Amino acid sequence: MKPIEKRASLSRQVFEQLKEQIITHKWKPGEKIPSENKLSEMFNVSRVTIREALQTLVALNLLE
């Protein structure tokens, strides 16, 4: 995962990177993903930003 650049929507950038992890099977089906706290540290963004990205993944049925 890469640090987030501030020019595009932060939640959109996080969403794209998380989606890539899912699509490329770096996270296997049924596997737990890192916590909001851990993801916010990894991406260097707020938990709110992480939550927005996760909500988008859930809306697209890529995450439960």
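Per-structure values
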| read-out | value |
| --- | --- |
| Per-peptide average of other Cβ atoms within 10 Å, ordering 22-30, 48-56 highest first | 48-56, 22-30 |
| Accessible area expressed per residue, the chain, with surrounding protein chains retained (probe 1.4 Å, Å²) | 72 Å² |
| Rounded percent of accessible protein surface that carbon and sulfur make up, the chain, 1.4 Å probe | 51 percent |
| Local electrostatic count at E52 - Lys and Arg +1, Asp and Glu -1, tallied over other residues with Cβ under 15 Å | +2 |
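The values are calculated or read from the model by the stated rules, or taken from the named source; none is laboratory data. Everything numeric in this text was worked out from a predicted model, so none of it was measured. We place every Cβ from the backbone using ideal geometry, glycine too, and count neighbours over all the protein chains shown. Note: accessible area is taken over every heavy atom of the protein model, side chains too, but ligands, DNA and RNA are not part of it. Shrake-Rupley method; radii C 1.70, N 1.55, O 1.52, S 1.80 Å.
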